[in-house]
Amino acid sequence: MLCITFDNFGSAAGDALPWPCPASIPAAEWAAYNQIGLELGHPRILQLLDELQIRCTYFAEGYAALRHPDELLAWHAAGHEIAMHGWKHEMWTGIASREEEDRLIQLAVSSIRGLTGLAPVGFRPPGLAINPWTDELLATHGIRYVSLSLVGGSDAARAPAPGATATMLTRVAVLPTDPALIDGAVIHPRFGGIFGTLDATAAYEQLYLSALAHETARPDEPWVLVVHPFTSGNRAWFGFEHFMRRLALAFGPARFALAKDAVPSTTRARAPLD
């Protein structure tokens with residue numbers, strides 16, 4: 001099944017991106033990427049998804065419910081799942097204490113619930129890794145699944161980043177999320193990405209072939225794509241639009257699933273307890 005997900009909601013994590021401006025991007029444009037993603041990317045993406053009758057999951061920072069309430073409600077009203085991406089995009093394994101993490105989860109859950117009327121049931125930690133106590137806290141706050149990179153597993157794209165941890169059993173279900181299936185990690189900065197080497201057309205051709213191969217070999221398992229509106233709703237838009245139209249034509253809306261419905265019930269992972 002195809003699980004198209006979105007990360008980073010407008011300026012909920014701050015006005016500017018946390019990475020240095022690439023030489024190929026004007027500094028003024030780079031400084032406005034989050035706002036461009038919100039004002040240009042969100043409307044065109046929502047319109048495309050509505051046209052294709054595809055529903056997706058947006059992993060939004062909880063603070064987005066306060067900073068961008070109308071925009072977040074637009075996704076909710078269109079039938080998309082609103083899940084959690086931290087409070088203000090904190091690097092999750094950098095949170096020093098259980099108490100601080102509990103506070104941030106509570107803020108995010110209560111803010112999203114207060115705006116949409118529904119508490120989020122999913123969580124994608126920035127960095128795709130969690131702390132030893134995270135899964136217990138998530139379960140306490142009603143979170144049923146977590147989107148993680150299964151480091152060392154068959155779907156691992158690369159070795160863990162500094163500070164990332166190995167995986168083991170957890171109390172909540174895991175949505176396996178491959179770092180190689182993140183738009184900004186595949187697309188070159190000149191074409192709207194962050195760390196990639198390909199132009200948007202080549203990147204989305206590669207991603208399409210990956211989805212096609214997955215649906216042929218493992219159609220009952222989720223193929224999870226991570227999309228950022230400041231990338232794929234901006235400079236990479238035409239590549240993303242063409243990609244989505246091809247997927248919809250090839251598989252139809254029924255093959256797309258919200259993250260909460262795509263989580264494999266038997267796949268669980270977590271950070272070690274020591």
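Mind jotting down the three principal axis lengths of the chain based on Cα atoms? Whole angstrom, largest first.
44, 43, 37
Relative contact order of the chain, please, whole-number percent, based on alpha carbon pairs below 8 angstrom and at least 6 residues apart.
Normalised by residue count, the contact order of the chain is 26 percent.
Could you check how much of the accessible area of the chain is carbon and sulfur, as a whole percent, using a 1.4 Å probe?
Carbon plus sulfur share of accessible area: 56 percent.
Please work out the Cα convex hull volume for region 188-255 and give it in Å³ per residue.
84 Å³
Mind listing the long-range amide H neighbours of Leu175? Cut-off is under 5 Å, sequence gap 5 or more, other chains count too, H placed in the peptide plane at 1.01 Å from N.
When sequence neighbours closer than 5 places are left aside, the close amide H contacts are Val146, Ser147, Leu148.
Just check region 1-76 against the gyration tensor rule for me: Cα atoms, a ≥ b ≥ c as the square roots of the eigenvalues, rounded for a/c under 1.5, and otherwise prolate or oblate depending on whether a/b exceeds b/c.
Here region 1-76 falls in the prolate category.
Quick check: from the Cα gyration tensor, does region 220-261 come out rounded (a/c under 1.5), prolate or oblate?
It comes out oblate by the Cα gyration axes.
Rolling a 1.4 angstrom probe over the protein heavy atoms, how many square angstrom per residue are accessible across the chain?
Accessible area per residue: 42 Å².
Compute the semi-axes of the equivalent ellipsoid of region 1-151, taking the square root of 5 times each eigenvalue of the Cα gyration tensor, and list them largest first in whole Å.
24, 20, 15
Taking the mean number of other Cβ atoms within 10 Å as a proxy for protection, how do you rank 249-256, 30-37 from highest to lowest?
Sorting 249-256, 30-37 by mean packing, highest first, produces 30-37, 249-256.
I'd like the distance separating the alpha-carbon centroids of region 42-86 and region 87-105, in whole Å.
Going from one Cα centre to the other spans 23 Å.
What residues qualify as long-range amide H neighbours of Met84, i.e. H under 5 Å apart, gap of 5 or more or another chain, H built at 1.01 Å from N?
Amide H to amide H, under 5 Å and 5 or more residues apart or across chains, Met84 pairs with Ala60, Gly122, Phe123, Arg124.
Once phi is turned into θ = phi - 60°, what whole-Hz ³J(HN,Hα) does the Karplus curve with 6.51, -1.76 and 1.60 give for every residue of region 84-91, x standing for Gly and Pro?
Whole-Hz 3J(HN,Hα) from phi for region 84-91: 9, 10, x, 8, 10, 6, 5, 5.
Would you please state the base-10 log of I(q)/I(0) at q = 0.12, 0.13, 0.16 1/Å for region 82-154, with intensities from the Debye formula using one equal scatterer on every alpha carbon?
-0.29, -0.34, -0.50
Please turn the phi angles of region 132-142 into ³J(HN,Hα) values with the Karplus equation 6.51 cos²θ - 1.76 cosθ + 1.60 (θ = phi - 60°), one per residue in order, whole Hz, x for glycine and proline.
Values per residue, Gly and Pro as x: x, 9, 4, 4, 5, 5, 4, 4, 4, 9, x Hz.
The values are calculated or read from the model by the stated rules, or taken from the named source; none is laboratory data. Remember, predicted model here, so these are calculated numbers, not experimental data. Positions of Cβ are generated from backbone atoms using ideal geometry, with glycine treated the same way; all protein chains shown enter the neighbour counts. Side chains are part of the model used for accessible areas, which takes the heavy atoms of the whole protein and leaves out ligands, DNA and RNA. Shrake-Rupley method; radii C 1.70, N 1.55, O 1.52, S 1.80 Å.
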